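For reference, the structure discussed in these notes is given below.
Nothing in this text is a laboratory measurement; each read-out follows from the coordinates by a stated rule. Keep in mind that what you see is a predicted model, and the values were worked out from it rather than measured. Backbone-built Cβ (ideal geometry, glycine too); neighbour counts: all protein chains shown.
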Amino acid sequence: MRIAVIPGSFDPITNGHMDIILRARELFDRVVVLVAVNADKNPSFTPAERVLLIEKCIAGYDDVMVDCFDGLLVDYVKQVGACAIVKGLRAMSDFEYEFQMALYNKKLYPDAETLFMTTSTENLYLSSSGVKSIARYGRDVSDFVPAVISQQVLERISQGKGER
Ligand code: PNS
């Protein structure tokens, strides 16, 4: 079974993340969306909230699961027997950080490959922080996050709970 791990902050998950997750399904038998607990120093959503939001978005896809991990990514990858780490790249600005991470991860665990997937053009500008900026001012975010979570994201962020 070929398993891919898609790690990230997912604070919150966006249409850009969903696009990468669904495209990774075509390449792997199972896709694990991994919420990294310490990825962001000041996340707006708790890890449990981020997992619940992702669960709603991936409902119906039996080959996609979500998990949460506080530790080194490669330790999780090894634990679940994944052969790949998949990341979406929007622009060159994403590349430097991701390339460095990929090299660290390859050194720490040579059995897994990092695959960079090009973001679809309609999602090139999307970011979790952009979505939160819009929601903070009470504006609808259903163009940017999956419809099943847009209201929840808006309410959570606009009610002043966007910063912790
Ligand atoms: O969505 P993000 O914030 O770009 O995700 C970054 C993430 C979670 C993929 C990255 O910070 C990560 O892998 N963190 C776990 C710690 C780790 O394994 N670091 C790599 C070795 S330095």
Inset, instruction - Evaluate the range 32-43: report whether one residue or more is over 16 Å from residue 117 (Cβ atoms), buried (at least 23 other Cβ atoms within 10 Å of the Cβ) and touching a helix residue (DSSP H, G or I) at 6+ places or on another chain (Cβ under 6 Å). - result: yes
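Assigned to a helix (DSSP H, G or I) and crowded, with 18+ Cβ neighbours inside 10 Å: does that describe residue 150?
Judged against the criteria, residue 150 is a match.
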Inset, instruction - Please work out if residue 77 is within 13 Å of the ligand (Cβ to nearest atom) and of a type outside the set (Asp, Glu). - result: yes
Inset, instruction - Select from the range 29-62 the residues that are acidic (Asp, Glu) and either part of a loop (DSSP other than H, G, I, E, B) or in contact with a Lys or Arg (Cβ under 7 Å, 6 or more places away or on another chain) (or both) and list them in ascending order. - result: 29, 40, 62
Legend entry - Looking only at the range 82-116, and only at residues there that are part of a strand (DSSP E or B) and within 12 Å of the ligand (Cβ to nearest atom), the one that is surrounded by the fewest Cβ atoms within 10 Å (Cβ to Cβ): 89
Inset, instruction - Of the conditions (1) out of contact with any strand residue (DSSP E or B) (no Cβ under 6 Å at 6 or more places or on another chain); (2) in a loop (DSSP other than H, G, I, E, B), residue 22 clears all except one; give me its number. - result: (2)
Inset, instruction - Tell me which of these residue 11 doesn't satisfy, since it passes every other one: (1) among the charged types (D, E, K, R); (2) within 17 Å of residue 127 (Cα to Cα); (3) touching a Ser or Thr at 6+ places or on another chain (Cβ under 8 Å); (4) more than 9 Å from the ligand (Cβ to nearest atom). - result: (4)
Legend entry - Which listed residue, of 85, 54, 149, is touching a residue at least 40 places away in the same chain (Cβ under 8 Å), in contact with a Pro (Cβ under 8 Å, 6 or more places away or on another chain) and within 25 Å of residue 1 (Cα to Cα): 85
Inset, instruction - Identify all residues within the range 83-141 that are under 17 Å from residue 9 (Cβ atoms), touching a strand residue (DSSP E or B) at 6+ places or on another chain (Cβ under 7 Å) and among the acidic types (Asp, Glu); write none if there are none. - result: 98
